[in-house]
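Here is the structure we will look at.
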Amino acid sequence: MIAQPRHALRALALTVTLLLGLLVIGMLALQQGTPTLTPGQLGAILFAGEGERLTRIVVLELRLPRLALGIASGALLALSGVILQDTLRNPLAGPELLGITGGAAVIVGAITIFRLPAPAALVPWFTLAGGLAGGLVVLLAAQSMRSTLRLILVGASVTAFLNALLIGMISLATQNDVNLLFLFLVGSLANRTWAHLAIVLPWALLGVPAALLCARLLNVLQLGDDLAAGLGLAVAPVRLLLLVIGAALVAAVVAVCGPIGWVALLAPHLARRLLATPNAAYVLPIAALIGAALLTSADLLARLVLAPTELPVGIWTTLLGGPLLLILLRSHVGVRHE
Amino acid sequence: MNRRARVVLASGSLLLMVLVVLHLGVGSVSLTPGEVLRAVLDQADQPLHRQIVWDLRLPRAMIAIVAGALLGLAGALLQAIMRNPLAEPGLTGVSAGGVFFAVLWLTRGGTMAEPGRTLALVALAGGLAASGLVVLMARGPSGNTDPVRLVLAGVLVSSILSSATALVLLRNNQALGSILTWMIGSLNGRVWVHWEALWPWAAFALPVGLLCAGVANALQLGDPIAAGIGVPVERARLALLAIAALLAASAVAAVGAVGFVGLIGPHLTRRLVGDDARCVFPGSAVLTAVLLVGADVAAQIITLNPPFATTPYRAGLPVGAVTALLGAPFFLYLLRRSGS
Amino acid sequence: MLQVRYRSALLFLVVFLVACGAPAATNPPTATPAPTDAPPTAPASTSAPAPTSAPAPTAAAPARDTLAFTDATGASVTLERAPERIVCVTEICVDILADLGLEPVAVAPGGVAPLPAFFGERAQSFALIGGSFFEPSLEDIAAAKPDLVIGLAGVHEGLRDGLAAIAPLYIMGPRTYQDSIAYLKDIGRLTGREAEAAARAQAFEAKLAAYREKSPKNRTVLVMWGMDVNFGIDTAGSLVGSMLSELTNYPWPAPAPGSEGHASGGIQFSLEQVLAENPDVLFVQTYGFGPVPPEPLSVQLAANPLWSEITAVKNNEVHEVSFAVWSTGRGLRSLTLVLDEAMPLIYPDVFPQPLP
């Protein structure tokens, strides 16, 4: 994984493309809806402070924070996926399959269903605790992190257990609540405002640079435990640290949006394919951009396809991401890892 | 069958019988074992006893036994195929497929005039279709399926089907209430009609599954050795998978997507009797039946006081909630063990 | 040796299963087929016909016809005699019985029965059906020895098999207030109280017409529940929604022809749409539960930068209403309560008091 000039060029080209793509998606996200705006109107609202009051509110208080939240969440999820996959040297490691998302979701679910008095800003800390608990259970129970089979099996079981807990809690609710809470199982970006973004933002501002800085550690770990130790790396503590970082990256996202699936698994794979290198220094930022693009475009679909009904974005990410991941992995599993 | 296996089978069966009597005794109306036996023998003290025992609790207990056995055998088969004691029936995609088809049918105008028969058939079809999809997805480039691919495909297909189910439910949300208990698994309201829909499949699939023990033993040794003995590895694996899917699908069609008993039962059996499939298969059928009946007894006994009830009443848990709770001590147990 | 033992065990298993399967088929769960004129002494078994029983005879005595019904699932049931002991696992049943002057023998807990407008103190004497809302306890129902059980579409259909040995099941799935009227009349027919049912239906329609006539229909109303972020609305395809759409501006179309606008919960509706329609009055269904009373939704909304743009929130016209009556009631008595509560709040000048 010596950084070669062609990788750098590719990375640059991809970055530019993805940023442009994000721009396009962002513009669409801000324009479409009730009411639909022309680019001119949008520009006037954003930059010139014009536009009628309700439209300004819709764009600035509803669509813009939702877009920003989508970008931040997508990036965080993707980064978490990269870190977990490289740390465990396993293409199927991801916050969902490791029980991290499930553990976090149970905590948020309990708080929501039982209306526990937890201040909104502190909820991510609780979900972090839940996510870490879930992840640790899976990892310790799986014992050998390199056995893909064991990891998926335990992860699937723990996730199923956590989901069953959630569904159990939901079924205790009244009739009205059941549907709304069921949506929660899927993850949604609907109606999130600047206040919600404010919860995620500190975690993003700290987490994204921290994740990017891990690139070197990840590259070393990819060489294998023995080589890494030989190079002077304290493998076990570093691995634990990286896992904590991986969980912390998604804690805030789950706290605010619920358990959105598959972005964290899909984005790293797409990034590695497009870059043709597993060098974490490139994969991390590209995956973050891909994750942001995936989530924001899925959210666009969620908002517009059945308007005025909204579908939670989690449904789209699974319906579209799942098969895509399946296709991508068919050629990987059994060849590259284990 | 070694000595330990025989002991396990015998004590398991005994425990099962005790639990069944207990099961017939608990509920809104508590009956002593004596009253239970009298009601079964048609000499009940009150007609209400006879009605409750014969019409409600007896079919429920029998369905619990058979569903448990089906899940246990399915789990044992899958653990043999995957060569890993952590596989469970849900991995075939059967649960997710069954729920998905049930939801589709309910929301696309399926009538609920006779839910017991038709819903079970629909769910069975869905379970089998989903497992077929899993196998298709799991085929590698050379056309063979290995355990890792199977598991991965199973997890992904289940997840995709769950999302599709959520999508359908969100568009037609009347059905959510009844489907919710299906997703966890419940024995409530299972009566003779459901038994009639269940026992033919069980009568076919259970013996077939038990007879596969020899082949399963060969597969457990690993693909090269199995091939060396003369077992057509690919076909054997697919055949066993199909049988496991049938077993699991019939169970899901009867009681919904009950989790964990299909994992814990076979796993425990393996710990108790060793790895010989000819011992493990019957053992896990019995032990898993014990687990499911026991969980149902617990589910009926637990009296909850939901926080929002103004008057205390006897809330009931679906059996799937209890089996899910079983997952917790199980994972702790896995944590304690040094890696296998 | 092992093989022999093994195969004999298998044989035993097969025989066991077949043996168990067969008697179940031949053992009729409804043990004593009830002759139609059997004296009603033995509690439950006499009034338990198999669901798809003898086709409703057209040439038989008129009494027979009035005891047949077809419920929301399409199942046709003929009762042996007029039901007297009715078990309600859903609240529309309680509502209908209250209107007909009857009493249920057992109800699901947490419903409208104890409310003063329904049975008040009398409700203490009703037995409670345990289990959960989605899975009522069949044994409790059996213990109540019912002639008829009334349940809700989308929730209780699965009970039909379990109840086959206990009592016939009537599934109701009202989508509009006209459906509620139809169910009232049907139960009136079955219990021999057609006069009361007709009178009640007429009174309701008269009241609704009176409100409709006088209402200026110029204010936009929204009925919702949930939280500021995750909320559901009653669309025009729901009971309350369909009623309110005749009386006021209610621009929330039912989402799809097949789905109910207020099912067990709601669909996420676009907040942008809500903002665009800018309702003048908000009715919020709440129910108190949890160790700490939740912050009233009206307070949550006022603090939210988006919701506080809505006229209703700005003018403090957010009203918390009872979930039991507005959501689970579904019958004419509940709908009347809704009318009398809502109209004076929507048009205080026109209706300073509810209409008589």
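Please report the relative contact order for chain B, taking Cα pairs under 8 Å with a sequence separation of at least 6, and give it as a percent rounded to a whole number. Mind showing how you got there, number by number?
Working: 552 pairs, mean separation 102.8, N = 340.
With pairs under 8 Å counted, the relative contact order is 30 percent.
So, for segment A:191-329, what is the accessible surface per residue at a probe of 1.4 Å, expressed in square angstrom?
Numbers: 4580 Å² over 139 residues.
Ligands and nucleic acids excluded, the figure is 33 Å² per residue.
Tell me the angle of helix B:233-255 to the major Cα principal axis of chain B, expressed in degrees between 0 and 90 and rounded to the nearest ten.
The angle comes out near 10 degrees.
Of all accessible surface on segment A:65-330 at a 1.4 Å probe, what whole percent is carbon and sulfur?
Values: 5830 of 7610 Å².
Carbon and sulfur together cover 77 percent of it.
Using the Cα gyration tensor of segment A:166-288, with a ≥ b ≥ c the square roots of its eigenvalues, what is the shape: rounded (a/c below 1.5), prolate (a/b larger than b/c) or oblate (neither)?
On the way: a/c = 2.36, a/b = 2.14, b/c = 1.10.
Prolate.
Please list, in order, the residues from segment C:333-356 whose amide nitrogen is less than 15 Å from a point placed 7 Å along the Cα→Cβ vector of C:HIS319.
C:335-356
How big is the charge dipole of chain A about its Cα centre, in debye rounded to the nearest 20, if each Lys and Arg gets +1 on its Cβ and each Asp and Glu gets -1 on its Cβ? Intermediate results must be reported in sequence, preceding the final value.
Details: 18 positive and 11 negative charges, 100 e Å.
Roughly 480 debye, rounded to the nearest 20.
Taking the Cα centre of segment B:3-321 as origin and charging only Cβ (+1 Lys, Arg; -1 Asp, Glu), how large is the dipole, in debye to the nearest 20?
Numbers: 20 positive and 13 negative charges, 59 e Å.
It comes to approximately 280 debye.
Would you mind getting me the FRET efficiency between B:ARG6 and A:ASP226? Use the beta-carbon distance for r and R0 = 56 Å, nearest 0.05. Write out the running numbers ahead of the final one.
Values: r = 47 Å, r/R0 = 0.84.
Computed FRET efficiency for B:ARG6 and A:ASP226 comes out at 0.75.
Springs between alpha-carbon atoms under 10 Å, Gaussian network over chain A: tell me which of A:VAL256, A:VAL220, A:VAL313 tops the mean-square fluctuations.
Answer for the Gaussian network model of chain A: A:VAL220.
Give me a comma-separated list of calculated 3J(HN,Hα) values for segment C:80-89, in order, Karplus coefficients 6.51, -1.76, 1.60 applied at θ = phi - 60°, integers in Hz, x for any Gly or Pro.
Whole-Hz 3J(HN,Hα) from phi for segment C:80-89: 6, 8, 4, x, 10, 9, 10, 9, 10, 9.
Mind listing the long-range amide H neighbours of A:GLU310? Cut-off is under 5 Å, sequence gap 5 or more, other chains count too, H placed in the peptide plane at 1.01 Å from N.
Close amide H contacts, sequence-distant or interchain: C:GLN268, C:PHE269, C:SER270.
Rank B:PRO232, B:GLY185, B:VAL26 by how far each Cα sits towards the positive end of the charge dipole of segment B:3-321 (+1 on Lys, Arg Cβ; -1 on Asp, Glu Cβ) and give me just the farthest.
B:PRO232
Using a probe of 1.4 angstrom, how much of the accessible area of segment B:3-321 is carbon and sulfur, in percent?
67
For every other residue with a beta carbon closer than 14 angstrom to the beta carbon of C:ASN278, add +1 if it is Lys or Arg and -1 if Asp or Glu, then tell me the sum. Show your work: numbers first, answer last.
Working: positive: A:ARG53, C:ARG219, C:LYS314; negative: A:GLU52, C:GLU272, C:GLU277, C:ASP280, C:GLU309, C:GLU317.
Net charge around C:ASN278: -3.
Calculated FRET efficiency, B:ASP146 and A:VAL24, Cβ-Cβ r, R0 35 Å, to nearest 0.05?
Numbers: r = 41 Å, r/R0 = 1.18.
According to the calculation, E is roughly 0.25.
Please list the helices of chain A that count as membrane-span-like by this rule: a mean Kyte-Doolittle hydropathy of at least 1.0 together with Cα atoms stretching 30 Å or more along the helix axis, each helix being a complete DSSP H run.
Numbers: long enough: A:5-31 (39 Å, 1.50); A:64-88 (36 Å, 1.37); A:148-171 (33 Å, 1.79); A:235-257 (33 Å, 2.60); A:280-304 (36 Å, 1.66).
Sorted by number, the helices that extend far enough and score high enough are A:5-31, A:64-88, A:148-171, A:235-257, A:280-304.
For segment A:249-305, what is one quarter of the convex hull surface built on the Cα atoms, given in nm²?
On the way: hull surface 17.2 nm².
Approximately 4.3 nm², given one-decimal rounding.
Looking at chain A as a GNM with Cα springs under 10 Å, which of A:LEU249, A:LEU28, A:LEU97 has the largest mean-square fluctuation?
Of the options given, A:LEU28 has the highest mean-square fluctuation.
Of A:GLN222, A:GLN41, A:GLN85, which has the largest mean-square fluctuation in a 10 Å C-alpha GNM of chain A?
Among A:GLN222, A:GLN41, A:GLN85, the largest mean-square fluctuation in the Gaussian network model of chain A belongs to A:GLN41.
Quick one: check the C-alpha center-to-center distance for segment B:32-81 versus segment C:122-162, whole angstrom.
Value for the Cα centre distance between the two parts: 22 Å.
Express in Å², to the nearest 10, the accessible area of B:ARG278 obtained by rolling a 1.4 Å probe over the protein heavy atoms while all chains stay in place.
Surface accessible to solvent at B:ARG278 totals approximately 80 Å².
Counting only other residues whose beta carbon sits under 9 Å from that of C:PHE69, what net charge do I get with K and R as +1, D and E as -1? Don't skip to the end; give the middle numbers.
Working: positive: C:ARG189; negative: C:ASP71, C:ASP186.
Taking every Cβ under 9 Å from that of C:PHE69, the sum is -1.
Provide the FRET efficiency to the nearest 0.05 for the A:PHE47-A:ALA236 pair, computing r from the beta carbons and using R0 = 35 Å.
E(calc), rounded to 0.05, equals 0.10.
Return the long-range amide H neighbours of C:VAL89 (sequence gap of 5 or more, or a different chain), with a cut-off of under 5 Å between placed amide H atoms.
C:ILE150
Taking a label point 7 Å from the Cα of A:ARG6 along the Cα→Cβ vector, which residues of segment A:276-294 have an amide N closer than 17 Å to it?
Only A:276-279 fall inside the zone, counting backbone N under 17 Å.
State the answer as a single residue: which of B:ALA87, B:LEU210, B:ALA130 lies farthest towards the positive end of the charge dipole of chain B, with beta carbon charges of +1 for Lys and Arg and -1 for Asp and Glu, about the Cα centre.
The residue sitting farthest along the positive end of the dipole is B:ALA87.
Give a residue-ordered list of calculated ³J(HN,Hα) values for segment B:10-15 (Karplus: 6.51 cos²θ - 1.76 cosθ + 1.60, θ = phi - 60°; whole Hz; x for Gly, Pro).
After applying 6.51 cos²θ - 1.76 cosθ + 1.60, I find 5, 5, x, 5, 4, 4 Hz.
Quick one: buried accessible area between B and C, total over both chains, 1.4 angstrom probe, nearest 100 Å²? If you can, show how the numbers build up before the last one.
Numbers: alone 15810 and 17500 Å², together 28650 Å².
Protein heavy atoms only, the B-C interface buries about 4700 Å².
Rounded, prolate or oblate: which fits segment A:65-330, taking a ≥ b ≥ c as square roots of the Cα gyration tensor eigenvalues, rounded meaning a/c under 1.5, else prolate when a/b beats b/c? Spell out each step's value before the answer.
On the way: a/c = 1.68, a/b = 1.44, b/c = 1.17.
Taking the square roots of the gyration eigenvalues as a ≥ b ≥ c, segment A:65-330 is prolate.
Suppose each label sits 7 Å from its Cα in the direction of the beta carbon; what would the B:ALA227-C:ALA210 distance come out to in nanometres?
8.7
Can you give the accessible area buried between chains A and B, summed over both chains, with a 1.4 Å probe, in Å² to the nearest 100? Could you put the intermediate results ahead of the total?
Details: alone 15590 and 15810 Å², together 27290 Å².
Summing both sides, the interface buries roughly 4100 Å².
How would segment B:3-321 be classified by its alpha-carbon gyration tensor: rounded, prolate or oblate, with rounded meaning a/c under 1.5 and the a/b versus b/c comparison settling the rest?
Judged from the Cα gyration tensor, segment B:3-321 comes out oblate (a/c at least 1.5, b/c at or above a/b).
Mind checking the full-extension length gain between B:ILE301 and B:THR118? Use 0.36 nm per residue of separation minus the Cα-Cα distance, one decimal, nm.
Working: separation 183, 0.36 × 183 = 65.88 nm, distance 3.06 nm.
Taking 0.36 nm per residue and subtracting the Cα distance, the gain is 62.8 nm.
The values are calculated or read from the model by the stated rules, or taken from the named source; none is laboratory data. Since the model is a prediction, treat every value here as computed from it, not as a measurement. Cβ atoms come from the backbone with ideal geometry, glycine included; neighbour counts cover every protein chain shown. Just so you know, the surface numbers come from the protein's heavy atoms only, side chains and all, with ligands and any DNA or RNA stripped out. Shrake-Rupley method; radii C 1.70, N 1.55, O 1.52, S 1.80 Å.
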